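A short reminder: the numbers here are calculations on the coordinates, not readings from a lab. Computed from a predicted model, the values in this text were never measured in an experiment. All Cβ positions, glycine included, derive from the backbone under ideal geometry; neighbour counts span all protein chains shown.
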Amino acid sequence: MKLQRCVTHIQEHQRNDHRIVIIVFSTIGAFACLCTAICFFACRYCRRTHNNAKSSHGMQFEHKRVSYNDIFKATDGFSLDNLVGRGAFGTVYRATMNLETQDIIVAVKVLDLQNQAGSKTFLTECKALRNIRHRNLVKVLSSCSSIDHNGTDFKALIFEFMPNGSLETWLHPTACTARPFEALSLTQRMDIAIDVATALDYLHHHGTVPIVHCDLKPSNVLLDGEMIAHVGDFGLAKFLVQQDIMISHSAISTGIRGTIGYIPPEYGMGAQASVQGDVYSYGILLLEIFTGMSPTDEQFVDGMSLPKLVESSFPESIMEIVDHKLFLINGGRKQTGDYTHELDGIHQCLLTVIQHGLMCCNELPSDRIDIHDFVKELNSAKEKLLG
């Protein structure tokens, strides 16, 4: 008969120690797995909460956020009577809302979410406008990210209302439909040019990171009750980590950004958005302000363009291509006691402005003037005009 081997006390003790080790490591492993799972789900929850907050609020506002019903009532059900204009990514309505403990007139931009770029435009504008404050930028007052009465996603931005509309309606009679056309004087055009250049200088050089507007044109320059210019519509804006390097994708992958006639030539060859690209668009805008000619005018065919036309007339024939309406005020010619001296000041001012406007429109980005330096030149030209 076989008998079981005797288990010594030492062997029994080793076996117990082995069991304890297994239990301890199993407990630690289970606890680690539990902690990992808790951390995983906590991270997902925080991320979802952050994204929902980002989607719902978009930006931190000084004033209360508004609901879809608030906007629906303020625009009389999005009545055509309150329609201000339509753009590529949305529609703008005039509305009266209580945002600052009193009723104020605002502009409500309703994003077109049927367009895939609509939601992206909303987030881009929120991001751009969240951290910028300048007298020559359109002030955003609130936002709305909700659903409409049909359960469809609804996004809107609420801006301060600009009673004098866009610069485009003051430059081109065909764009002015809401009121009788009235031309801008030379002094007014100088002030607007300085306002826009100052806004770009702020965006390019005085924020936490440089911001490229990417769609500078007359319809995106709005005028308040005192004819002070404000740059708006940041739906295509780009944020630069450092000069000429974008956070988002390049123009090759996202398509050319901007409006035909104002797009810098390098964007058409796949270059990334840059502050020099904004300078080019500003140069075109400046030439348009002082010549009254749109860069998409029918006369610009067979390789001819607004910069080439202006350059061919500079400096000898510059007075022949400037918009002669800028010399008229209230239907009559402005005259002073020393009109000859005044004309000399006007001529010197226009020479300076046009010369530097052409420098903005150079084909090579590296040859373009920096907007910060251009602000100084514009102020100097204004002094010549007033001097």
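With θ set to phi - 60°, apply the Karplus curve 6.51 cos²θ - 1.76 cosθ + 1.60 along segment 202-215 and write out the HN-Hα couplings as whole Hz, x wherever there is a Gly or Pro.
Once θ is set to phi - 60°, the couplings for segment 202-215 become 5, 5, 7, 10, 10, x, 5, 9, x, 10, 9, 5, 6, 8 Hz.
Please order 293, 190 by the number of other Cβ within 10 Å, starting at the fewest.
By the 10 Å Cβ count, ascending: 293, 190.
In whole Hz and in residue order, list the ³J(HN,Hα) couplings for segment 66-78 that follow from phi through the Karplus curve 6.51 cos²θ - 1.76 cosθ + 1.60, θ = phi - 60°; x for Gly and Pro.
10, 9, 4, 4, 4, 5, 4, 5, 5, 9, 6, x, 6
FRET efficiency for residue 364 and residue 83, Cβ-Cβ distance as r, R0 = 45 Å, nearest 0.05?
So, using R0 = 45 Å, E works out to roughly 0.60.
For the pair residue 179 and residue 133, how long in nm is the line joining their label points, each one 7 Å along Cα→Cβ?
3.0
Counting Lys and Arg as +1 and Asp and Glu as -1, each charge on the Cβ, what is the dipole of segment 168-386 about the Cα centre in debye, to the nearest 20?
300
Hey, rough spin-label estimate for residue 104 and residue 269, points 7 angstrom out along Cα→Cβ, what's it come to in nanometres?
4.6
Binning every alpha carbon pair distance of segment 70-188 at 10 Å from zero, what are the percents per bin?
Reading upward from the zero bin: 12, 39, 35, 13, 1, 0.
Quick check on the exposure proxy: order 327, 374, 89 from fewest to most C-beta atoms within 10 angstrom.
Neighbour counts put them in this order, fewest first: 327, 89, 374.
Please find the FRET efficiency linking residue 380 to residue 153, where r is the Cβ-Cβ separation and R0 is fixed at 51 Å, and quote it to the nearest 0.05.
Efficiency for this residue pair is about 0.55.
Would you mind giving the three semi-axes, in whole Å and largest first, of the ellipsoid equivalent to segment 168-386 according to its Cα gyration tensor?
Listed largest to smallest, the semi-axes of segment 168-386 are 30, 18, 18 Å.
Please report 79, 146, 294 as a ranked list, fewest other C-beta atoms within 10 angstrom at the top and most at the bottom.
So the ranking, lowest neighbour count to highest, is 79, 146, 294.
Quick one: Karplus J couplings for segment 379-387, per residue in order, coefficients 6.51, -1.76, 1.60, θ = phi - 60°, nearest Hz, x for Gly and Pro?
Karplus-based 3J(HN,Hα) across segment 379-387 equals 5, 5, 5, 5, 4, 5, 5, 7, x Hz.
For residue 84, list long-range residues whose amide hydrogen, built 1.01 Å from N in the peptide plane, is under 5 Å from its own amide hydrogen.
Distant-sequence amide H within range of residue 84: 92, 93, 94.
In a shell of Cβ-Cβ distance under 12 Å around residue 376, excluding residue 376 itself, what net charge do Lys and Arg (+1) and Asp and Glu (-1) give?
So the surrounding residues net to -4.
State, as an integer percentage, the relative contact order of segment 68-160 based on alpha-carbon contacts under 8 Å between residues 6 or more apart.
24
Please list the non-local residues whose amide H lies under 5 Å from the amide H of residue 142, H modeled 1.01 Å from N, same-chain partners needing a gap of 5 or more.
158
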